[in-house]
Each structure stands twice: as C-alpha cells, then as structure tokens.
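Following: one structure in structure tokens, then a few remarks.
The values are calculated or read from the model by the stated rules, or taken from the named source; none is laboratory data. Fair warning: this is a prediction, and the values are worked out from it, not measured in the lab. Cβ coordinates were reconstructed from backbone atoms using ideal geometry, including for glycine residues, and neighbour counts include every protein chain displayed.
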C-alpha cells in the first residue's frame with residue numbers, strides 16, 4: 001500500500017458528503033484533483049470502495065470499513081500535530097460546531113475568549129435547525145452541537161450552559177394591560193410557528209399539547225429572524241426565545257405578553273456523542289468551558305439571567 005494522508009482525507013470527505021463536488025468545495029480543491037486522488041486511492045484495493053449508480057454515489061461495505069480505519073489514522077496524525085504544538089505551548093486545529101438557529105445568540109460568546117487565547121485555532125459554526133444539527137452529530141461531522149432540546153434517540157454527553165426562556169410576544173400595535181393573562185388568551189391570537197424540526201417548534205408544541213390549547217396557526221416560517229419580522233409586521237404572535245429579541249424589546253418593536261405559566265424553559269446544552277474519542281483540541285475547549293462558563297454568563301448574560 002502506498003496511499004497518502006491527503007488521499008485518506010479526500011476519501012473520508014467524499015464518504016461524509018457523498019459527493020465528489022461537495023468534497024472538493026469543503027477541501028478547497030478542484031473537482032478533478034479530488035477525482036484523481038480518489039482514483040489513485042481506489043487503485044490500491046482489489047475491491048471497490050465507492051459505486052456510482054444513476055449518478056448517485058454509494059459507499060460499499062468494504063468502503064465503510066476502510067473509512068473507519070482512515071478516520072482513526074487521521075485522528076492519530078491530528079493528535080501528533082496537537083502534541084507538537086502543545087509542547088510549544090500552542091493549540092492548533094479546527095473546532096466544528098453545529099448549532100440550532102437561535103443558538104447563534106449564545107454560541108459565539110462561549111468560544112470567543114478561547115479562540116482569542118489560541119490564535120492558531122480556527123472555528124466553523126454551522127447554523128441550521130435542530131433536525132439538521134442532530135444529523136450532523138449522528139454523522140460525526142461536527143465536534144460539538146448546541147441545542148436547547150436533547151435528542152431522544154441518541155446517546156450523548158452534555159454540558160449545560162444557559163437557560164432558554166421562551167415568551168409569547170407581539171408587536172407594539174395592540175395594548176395589553178399589566179395584569180397576568182390566563183393561557184386561554186392563546187386561543188384567540190393568530191400564532192406564527194417555526195418549521196418542523198425546529199427546537200423552538202418542539203418546545204412550543206409540547207406546551208400546547210400539555211395544556212390542551214386550541215391554537216390558531218397563522219404562518220409557518222423557517223427561521224427565528226423570519227418569525228421576528230413577521231411578528232413586528234403585525235402578522236401574528238409567536239412564542240420566541242428571549243435570547244434573540246433583546247434589541248427589539250428595548251426599542252419597542254416587540255412586547256412580551258404576560259401569561260400564566262411563562263416563560264417556558266429549557267436549557268442550552270453543548271453536546272457531543274457518547275464515547276466519542278475527543279482530540280486534544282476538543283478536550284482543551286471543554287476544560288476551558290467548564291472553568292469559564294460562570295464568568296462568561298456573568299459578563300455577557302447577566303441581563304438575561306435576571307429577566308423574569
């Protein structure tokens with residue numbers, strides 16, 4: 001065998017993306033370069049690693065065995081690099097996060113100081129909905145995920161970071177009194193939903209079912225920002241995470257409607273696959289987070305923690 005580390009990296013990326021084109025994009029290589037290296041790697045085996053049927057790429061059973069060995073080899077090589085830089089007093093490498101859309105208001109603050117202290121470390125934050133985040137975790141294409149609802153059918157380790165508080169919000173047009181309304185007010189208001197697969201949608205629907213509330217669904221939108229703009233425009237009301245509406249509350253574009261049983265609460269958690277062999281960089285980040293979590297919350301989220 002005379003394969004190279006570069007060929008191993010390319011093969012693993014092609015398997016992960018199930019596409020030569022996508023693998024080339026993520027590796028910042030040309031498609032012909034990836035195809036050539038993939039062929040050179042394949043030529044060293046008597047059995048096919050990949051099959052292309054009807055323009056779709058499939059990984060053979062033999063290919064799946066080889067990719068697991070390739071990942072272990074690359075992990076060990078990465079560990080050697082980390083140890084070399086750690087011996088010099090520096091961390092290097094890339095941290096890959098997959099975070100739910102409202103997590104973009106949380107995640108950057110829990111990584112900023114770590115990145116500033118380790119300038120050779122690069123960061124990739126993939127922002128998407130909960131279903132895609134869990135899929136990324138299942139595919140092992142990210143080191144960590146940030147969610148407000150833990151996955152039901154996946155074994156993960158978790159580190160709680162911050163409470164997630166959801167309130168019913170509307171725009172400034174209708175005047176609500178200072179009194180605390182009962183949950184029955186939700187039956188009279190047109191409600192804007194997030195799309196299926198969203199963590200906010202999951203928490204919202206669970207609350208509606210538990211309280212047996214007949215909700216009028218007005219719209220279904222695919223991002224927290226889209227919901228926010230629809231509420232500001234007067235298209236309806238929504239149950240939204242407090243973390244993403246601070247500015248709109250302060251400038252009067254949105255208002256919280258006081259209702260019994262609110263806020264609905266969950267917890268923002270950093271999660272990773274149970275029994276995952278963390279590389280030295282990932283382990284260093286977890287150590288940093290455990291040591292500095294309270295300090296970050298106090299400096300950045302004190303307004304949020306005190307909000308009732």
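Which of the residues spanning the range 152-180 are within 23 Å of residue 64 (Cβ to Cβ) and without any contact (Cβ under 8 Å) to a residue 60 or more places away in the chain? Full working, then the answer.
At the first step, the residues of the range 152-180 found to be within 23 Å of residue 64 (Cβ to Cβ) are 153-156.
The answer is 153, and nothing else.
Can you tell me which residue in the range 1-26 is surrounded by the fewest Cβ atoms within 10 Å (Cβ to Cβ), limited to those that are touching a strand residue (DSSP E or B) at 6+ places or on another chain (Cβ under 8 Å) and without any contact (Cβ under 8 Å) to a residue 40 or more places away in the chain? Give the derivation first.
Residues of the range 1-26 touching a strand residue (DSSP E or B) at 6+ places or on another chain (Cβ under 8 Å): 14-15, 18-20.
From what is left, the residues that are without any contact (Cβ under 8 Å) to a residue 40 or more places away in the chain are 19-20.
Values: 19: 16, 20: 19.
Restricting to residues being touching a strand residue (DSSP E or B) at 6+ places or on another chain (Cβ under 8 Å) and without any contact (Cβ under 8 Å) to a residue 40 or more places away in the chain, the top hit is 19.
Go through the residues of the range 229-236 one by one and say whether even a single one is surrounded by fewer than 17 Cβ atoms within 10 Å (Cβ to Cβ), over 20 Å from the mean Cα position of the chain (by Cα), more than 22 Å from residue 258 (Cβ to Cβ) and free of Cβ contacts under 8 Å to residues at least 40 places away in the same chain. Yes, the conditions are met somewhere in the range 229-236. Of the residues that sit in the range 119-134 and are out of contact with any strand residue (DSSP E or B) (no Cβ under 6 Å at 6 or more places or on another chain) and free of Cβ contacts under 8 Å to residues at least 60 places away in the same chain, which one is farthest from residue 163 (Cα to Cα)? Across the range 119-134, the extreme among qualifying residues is 120. Does any residue of the range 280-300 turn out to be surrounded by 12 or more Cβ atoms within 10 Å (Cβ to Cβ) and assigned to a loop (DSSP other than H, G, I, E, B)? Within the range 280-300 (the criterion being surrounded by 12 or more Cβ atoms within 10 Å (Cβ to Cβ) and assigned to a loop (DSSP other than H, G, I, E, B)), the answer is no, since none of the residues qualifies.
Has the range 37-55 got at least one residue that is under 16 Å from residue 16 (Cβ atoms), outside any helix (DSSP H, G or I) and at pLDDT 90 or above? Yes, because at least one residue in the range 37-55 is under 16 Å from residue 16 (Cβ atoms), outside any helix (DSSP H, G or I) and at pLDDT 90 or above.
Across the range 211-246, what is the number of residues that are farther than 20 Å from residue 128 by Cα and out of contact with any strand residue (DSSP E or B) (no Cβ under 9 Å at 6 or more places or on another chain)?
Here is the first cut: in the range 211-246, the ones farther than 20 Å from residue 128 by Cα are 211-218, 231-237, 246.
Still in the list and also out of contact with any strand residue (DSSP E or B) (no Cβ under 9 Å at 6 or more places or on another chain): 211-214, 246.
Qualifying residue count for the region: 5.
Restricting the range 90-104 to residues that are crowded, with 18+ Cβ neighbours inside 10 Å and under 22 Å from residue 166 (Cα atoms) leaves a set whose member that is farthest from the chain's Cα centre (by Cα) is 102. Do you know which of the residues in the range 171-194 that are touching a helix residue (DSSP H, G or I) at 6+ places or on another chain (Cβ under 7 Å) and within 14 Å of residue 239 (Cβ to Cβ) is surrounded by the most Cβ atoms within 10 Å (Cβ to Cβ)? Checking each candidate, the answer is 194.
Every listed requirement among (1) crowded, with 16+ Cβ neighbours inside 10 Å; (2) in contact with a strand residue (DSSP E or B) (Cβ under 8 Å, 6 or more places away or on another chain); (3) part of a helix (DSSP H, G or I) is met by residue 108 save one, (1).
The listed residues are 51, 65, and the only one of them that is exposed (fewer than 15 other Cβ atoms within 10 Å of the Cβ), in contact with a strand residue (DSSP E or B) (Cβ under 9 Å, 6 or more places away or on another chain) and outside the structural domain of residue 276 (by TED's automatic domain parsing) turns out to be 51.
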